[in-house]
Amino acid sequence: MSARRHWDPFEGDISVSTPDTASTRQGIALPIWLKRLPLPLALVGLVWTMAAGVMANSFPFVPIAATTLAFGSIFLVEILENADGRRLVRRVNIARKKGWSYTGKFLEWQMARTPVRDSEGNYERRSQRVKPPRLEKIEARIPELTKVQAGSFMGVRLDGEFWGESEQDHLPLWVAVGAMQMEAGLGTPEMRRDAKGGRGGFGQFFSLLGAYRIDRNTGIRAVIRPENIVNKGPLDRDIKTESIQFNERFHISGRPLSSGNGHDIAQDVLRILTPATQAAMLDLGVRFHNVGFIVDDDVLFFMAQDTLVGENASEGGIDRLLPGMLEEFEAAKLSIKRYVE
């Protein structure tokens, strides 16, 4: 497919080629119980091997063979299902229906031989996964919504990007998405349910990160992110609103973008955090696992994390539900944009 140029919050504008998926193999949609089976079998095999190594007088051939087969079945399931191929087809189809562009190539990790210090302090070259420059640029611009925040949230994992125009106001937007498999078989009942009616221990954890241009230059950088659980009492020193509930849920900070700005930064941030903005964020905090946003002069960045569990987390369930999740995310982002402008 020919390249198209789009507004981009990090490059200014960017050329994107949506991949052709006509020849992409989508794999087999395996039942969830079969996808979950190899890992516990491998763990049991490891315990069996260690116990046999301690108690047996001979080499534990059978436990090692069983453990090897169990670990091999993990890779076999991945090959049969080809989740990467199915994910690519799913997202390209979404982009085409919306008139957007999509690619994951800018966020692909690569293997490279890099110098690593060994146990004796000497350097040697080893093959390691290298973070893509695009991801480093995203994290450098908005670390509060992308990197792990101890005691706050686990950060985001991104593996694909959309560019296009919003269906509601036809303004340019950028949306990045990432998914991570999770296992909550021993988790709380809340962890084993999702907002779409799904129930179960197997799930997918989604991160969504988007950006819009807003219609004014604020001159500040305002950050509203999930509150740190240890920020209590004298440690709780961020900007405060009149809402106790909002203050307990979110950490609020800001700074001027130019040294000549003599305004009270707290007042500038609170002009963005109107009661309507706070109400919208609290409502979204009920709907999504985590939410936060950054206003960086005339760009609004918005982050939301969501889960799908049980049958909703199967490949067929994600095929069915991801378009609606993106619609909800776009609507949520628009609600915040409308109040901060």
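Of note:
- With K and R counted +1 and D and E -1, the other residues having a Cβ less than 9 Å from that of GLU167 yield a net charge of -3.
- Cα centre as origin, Lys/Arg/Asp/Glu Cβ charges: the chain dipole, Debye: 580
- Gaussian network model of the chain, springs between alpha carbon atoms under 10 Å - residue of ILE294, ILE224, ILE138 with greatest fluctuation: ILE138
- Per residue solvent-accessible surface (Å²) - region 80-227, probe of 1.4 Å: 50
- Farthest toward positive dipole pole in the chain [+1 Lys/Arg, -1 Asp/Glu at C-beta], among ALA266, LEU326, LEU30: LEU30
- Most mobile of SER314, SER73, SER101 in a GNM of the chain (Cα contacts under 10 Å): SER73
- Entries in LYS196/LYS240; LYS240/LYS337; LYS240/LYS333 that, when Cα-Cα distance is taken, lie over 28 Å: LYS196/LYS240
- All other residues whose Cβ lies under 10 angstrom from that of GLY198 are scored, Lys and Arg at +1 and Asp and Glu at -1, for a net of +2.
- Full-stretch length increase - ILE28, ALA331 - with 0.36 nm per residue and alpha-carbon distance subtracted: 105.8 nm
- Packing-based ranking of 46-56, 318-328 yields 318-328, 46-56, ordered from highest to lowest mean Cβ neighbour count within 10 Å.
- Fully extending the segment from ASP298 to ASP169 would add 44.8 nm, taking 0.36 nm per residue of separation and subtracting the current Cα-Cα distance.
- From the coordinates of this entry, volume of the Cα convex hull per residue in Å³ is computed, and it appears in (i) 209; (ii) 140; (iii) 276 under the label (i).
- Solvent-accessible area, 1.4 Å probe, carbon plus sulfur percent, for the chain: 57
- As a length-normalised measure over Cα pairs under 8 Å and 6 or more apart, the relative contact order of the chain settles at 16 percent.
The values are calculated or read from the model by the stated rules, or taken from the named source; none is laboratory data. For clarity, every value in this text was computed on a predicted model and none was experimentally measured. Here Cβ is always computed from backbone atoms with ideal geometry, including for glycine, and neighbour counts include all displayed protein chains. Quick note on the areas: whole protein, heavy atoms, side chains included, nothing else; ligands and nucleic acids left out. Shrake-Rupley method; radii C 1.70, N 1.55, O 1.52, S 1.80 Å.
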